[in-house]
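Here the structure comes first, spelled out in structure tokens, and everything after it is commentary.
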Amino acid sequence: MELFTLRNFIIILALIVGIEVYRSSHDRNTMSLSLPLNTKIVAFGDSLTQGYGVLSEQSYPSVLAEILHVDVVNEGVSGEMSAQGLARLSSVLDRTQPDILVLCHGGNDLLRQSDVRQTKANISAMVKLAQDRGIYVLLVGVATLDILRFSVPSFYYDIAKERSLVIEDESLKAIQENETLRGDAVHPNAQGYALMAEKIAFLLSEHYIPPLRP
């Protein structure tokens, strides 16, 4: 009985130590992420960007700002279709003058089964609008159910290849596959939005190269 109890104690202690090591490593990795402090990011999209279902400070743009310690402007509009986003983007870029655009769009088009070719054209045109202004674009792929599993539609990868973009294609797939990360059938909960922010922060920290300023 004593051996059994001691064994359980050792197992529990090992689990606690392992969890603490993971948390410490995760915190250090998150703390090490950085961009120049004068960097401005615009997060552009629909309800996934707006932060539907959570407090504003729990939306992924707010968490991203906390991780990277830079200005992140939330330009998410719930229910917006990609055609509406394309019509809105130019004025947003003119008003905000960002260094980086995080583009997460097309989810409502996918839900309403809009013409995929038109959705691709709209998102590609958004990317071009930003790139023509010298803005770095990070594309977020929206996952959808493909027969028996969730996956990011191929047109997102086509856009990324055609426009030489880095694509974040993991977080929304993981959220759809794990109900503990979702607030409803479509939207993340606070934990899910935090995952989005972390994935985006890692990619920006790794791939974004600030332009030379005079």
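The values are calculated or read from the model by the stated rules, or taken from the named source; none is laboratory data. Quantities reported herein were computed from a predicted structural model and do not represent experimental measurements. Every residue, glycine as well, gets a Cβ built from its backbone with ideal geometry; the counts of neighbours run over all protein chains shown. For the accessible areas, the whole protein counts, side chains as well, though only heavy atoms, and no ligand, DNA or RNA atoms are used. Shrake-Rupley method; radii C 1.70, N 1.55, O 1.52, S 1.80 Å.
Observations, loosely collected:
- Per-residue SASA remark: residue 78, around 60 Å² accessible (1.4 Å probe; ligands, DNA and RNA not included).
- Label-to-label distance, residue 113 versus residue 71, with points set 7 angstrom from Cα along the beta-carbon direction: 4.4 nm.
- For region 132-214: rounded, prolate or oblate by the Cα gyration tensor [a/c cutoff 1.5]: oblate
- Residue 57 paired with residue 212, simple spin-label distance in nm, labels 7 Å along Cα-to-beta-carbon: 4.2
- When the solvent-accessible area of region 50-206 is split by element, carbon and sulfur atoms take up 50 percent of it, the probe being 1.4 Å.
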